[in-house]
């Protein structure tokens, strides 16, 4: 179980993903799949992407990660080999807050989300005109 609750994940992703035309789906451990070309059922589309690209396969691009220190939120975003899969790691989650420790922690969260595939929130922005 993660130290960050679902409501916190939703609030963080709503602050970070400000493009009014990009829908996204949040999974239980903080992994977000951004749907740049949403088509049909968003949950199904995101689940298919995360099922294919979420699980870690050591020695392959699926094991790679990058770490982005966030200025607008307390934590980091961990990226992987798919540009639309992002995982949030809160400041209180890993004990060691070096980039490598945060990256490995975020990668493990993405792996859990990619195998468990439990959706906790869908942000459907199709048809959104954005702020007036």
Open item on the list: Going by Cα centres, segment 24-58 and segment 61-88 are how many Å apart?
Closed with: 14
Task: Crossing angle, helix 42-53 versus the chain [Cα axis fit, 0-90 degrees, rounded to tens] - done: 30
Task: Extension gain, residue 71 back to residue 11 (0.36 nm per residue minus Cα-Cα distance, nm) - done: 20.1 nm
TODO: Would you mind calculating the relative contact order of segment 6-123 from Cα pairs under 8 angstrom and at least 6 residues apart, reporting the percent as a whole number?
DONE: 33
TODO: Order the peptides 80-88, 31-39 from the highest to the lowest mean number of other Cβ atoms within 10 Å of their residues.
DONE: 80-88, 31-39
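Each reported figure results from applying straightforward, stated rules to the coordinates on display, with no laboratory input. Keep in mind that what you see is a predicted model, and the values were worked out from it rather than measured. Cβ sites come from the backbone with ideal geometry, for glycine too, and all protein chains shown count toward neighbours.
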